[in-house]
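A quick write-up on the structure given underneath.
What follows draws every value from the coordinates through simple rules; no lab data is involved. Since the structure is predicted, the reported quantities are computational estimates derived from the model, not experimental observations. Note that we place each Cβ from the backbone using ideal geometry, even for glycine, and neighbour counts take in every protein chain shown.
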Amino acid sequence: MHVIPQDLAERDGAIFINYRGRDSRSYGALLYLELSRRFGPDRVFLDCESIPAGADFVDQLLNRVRRARVVLAVIGPGWLAGGGLRRRPRIKESTDWTRRELAEAMLAGVRVIPVLTDDTDMPTDRQLPACLAALSRCQYRRLRCREAAADLDRIVADLIAADPTLALAAAVTHRRRPPDPAVPPAPTPAPLLPAPSASAPAPAAAPPITPPPAPAPAAAVPVPGVPPKITRPSTALAGATTPDSDPADGHNPAAILARRLAIAAARAARAAQQAPRPAPDPPRPPHMTLYRSLVAGRRRCWQLEDPRRLEA
């Protein structure tokens, strides 16, 4: 059974995350989430998550960073840049909280691990104030956006190796973590039947299944007052011939085609004879004929009176 030492139990933030808000806020939150999952939320300190509401943040920050086991200094590309119109780096100002937290950690003898985001370069001692000159000589780790999982695993491994108390806390948290959902077992294959030996008798063949005879068609019952329906014998009976199966022609395609054309022509002639002929137009009434003759004669006389109308 693992027993957490009293030194670790009294510490609310064994791992202190130091970052600059405008430069590496998202990377600090990523570290807090992953380290809380590995070591427990009580073993990781992030100012916006760990300081209670209404507490004195100055006292909280300074006390926690002095009592921390490890300080992770998250450094991004704008870590040294000045804010607004300032030309002097903020890290060289005594009121900068990032500088104050790192200076308190170094005075208390806390291990500081720089975490460089993506392609950020490590600051030199000339770019740092005198109280943080030792930071440029600390071995750093990378936290890249495209390799976040691998980089986080390496940082966790470094924290476990750096402090045995953190290693114990990681082991306890791993035990308390709920197990992963069980994977359903694979289905058991059916046992294979032994192959029949040569001396074993062959199984008897199953008797053939004969279909039941088709029922005979029911005889038509005569209905008084209704004439019986006359049905023609089907040409598909035995001995019947069709235009495509003449025994004299056999399977000659030319003869079959000629026979089909002759049958089609005979059907067309029969249909033309049976088609009703259109009725002739009714004779025009005599008065209509006389009227048209008068109109035509008057138009002719009108053209003869004026030769120019005739030319037109």
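Just a few scattered comments:
- Applying the criterion of being closer than 13 Å to Pro114 by Cα and among the basic types (Lys, Arg) to the residues of the range 129-158, the residue that is nearest to the chain's Cα centre (by Cα) is Arg142.
- Scanning the range 131-148 for residues that are farther than 26 Å from Leu166 by Cα and part of a loop (DSSP other than H, G, I, E, B) yields one hit, Arg146.
- For the range 112-130, filtering for residues that are in a loop (DSSP other than H, G, I, E, B) and buried (at least 18 other Cβ atoms within 10 Å of the Cβ) leaves 3.
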